[in-house]
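The structure appears right after this line, and notes come after that.
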Amino acid sequence: MTSLSEFSYFVYDAVVYLMVAFVIFLIGKFVYQLLHPSFKVRDELVKKDNFAFALSHVGYYVGLLLAIGSAIVGPSNGLVTDVVDIAVYGVLAIVLLNCSIFLSDLLMLRNFSIRKEIIEDQNAGTGVVEGAVSVASGLIIFGAVSGESGGLLFGILTAVVFWAFGQLALIITTRFYNWITPYNIHEHIEKDNVAVGIGFAGAVIAIGNLIRFGLTGDFQGWLPSFTETSFELLVGLILLPVMRLVTDKILLPGEKLTDEIINQEKPNIGAALIEAFAYIGGSVLITWCL
């Protein structure tokens, strides 16, 4: 039975963790604004009611939350050590998440400017994709950091290396997803087709979740880790066309997903949400079964 003094220590530790996490969130907000001086976060959210930016920014915070959580979950190493870990990995996550946003503009949706689409055109389809990239990156960082890796410095190294592998996986996913769909996702997202963006965002998060699963656990060596994550990536790429077919034949019987998303005057956002759910739900089922 837990004594009152032990319970008070638990509460004290929890409050400290929350305070550190809150400070990291504030730092993350400050860094994001510092790296994007061409617009004001507050103006986009409050004055302009920019829904596309809200989707993107919430994804950034979710990714940051997952990255912070990676240092909190698991057995405690003592309050001071835990606080140092949360602070270090939190700051690292801020850097990596902002790099992910930059890479998504440069390499994933490279046919147009993501910043222009979100800030000037308020394109919600682009906003949901950028938010999904941040969530997927947060999942990858969570998997890379949550286990024992042999010290703080080596933990930072493994987090950066696996984050880089995850970004490569997301770039491959973009190319593959564009190949399996009977339309060009870049073209339709640029045309403000929110449904296309939602479907693609689901695929990105699904792959990020599978890579997280492959990385979760104590570090066993570079070769086993890369073998496991490569296997999860392969499973994820196989999952995408299978779940798209499942969406067509089972979740949307009698209707074609492509027609609902691009071949009607008003794209069916509901159908796109079902498609995204199929990808993410399929990835969750796989992690439960493997």
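The values are calculated or read from the model by the stated rules, or taken from the named source; none is laboratory data. Fair warning: this is a prediction, and the values are worked out from it, not measured in the lab. Glycine gets a Cβ as well: all are built from the backbone with ideal geometry, and neighbour counts include every protein chain shown.
If we scan region 223-246, do we find a residue that is surrounded by fewer than 12 Cβ atoms within 10 Å (Cβ to Cβ), at pLDDT below 90 and closer than 22 Å to GLY125 by Cβ?
no
Within region 1-53, take every residue that is among the small types (Gly, Ala, Ser) and in a helix (DSSP H, G or I) and give me the one that is modelled with the highest pLDDT.
ALA52
Restricting attention to region 41-64, which residues are among the hydroxyl-bearing types (Ser, Thr, Tyr) and surrounded by fewer than 21 Cβ atoms within 10 Å (Cβ to Cβ)?
The answer is TYR61, and nothing else.
Within region 96-121, count every residue that is surrounded by 15 or more Cβ atoms within 10 Å (Cβ to Cβ) and in a helix (DSSP H, G or I).
So the count comes out to 15.
When the residues of region 122-150 are narrowed to those that are outside any helix (DSSP H, G or I) and modelled with pLDDT of 95 or more, which ends up surrounded by the most Cβ atoms within 10 Å (Cβ to Cβ)?
Going through the qualifying residues, I end up with ASN123.
Does region 79-117 hold any residues that are farther than 18 Å from LEU55 by Cα and of a type in the set (Gly, Ala, Ser), and which are they?
Hits for region 79-117 are ALA87, GLY90, ALA93.
Step by step: first the residues of region 247-285, then only those that are polar (S, T, N, Q) and without any contact (Cβ under 8 Å) to a residue 60 or more places away in the chain, then the one that is surrounded by the most Cβ atoms within 10 Å (Cβ to Cβ). Which residue is that?
So the residue we want is THR247.
For region 266-289, name all the residues that are among the polar types (S, T, N, Q) and assigned to a helix (DSSP H, G or I).
Result: SER283, THR287.
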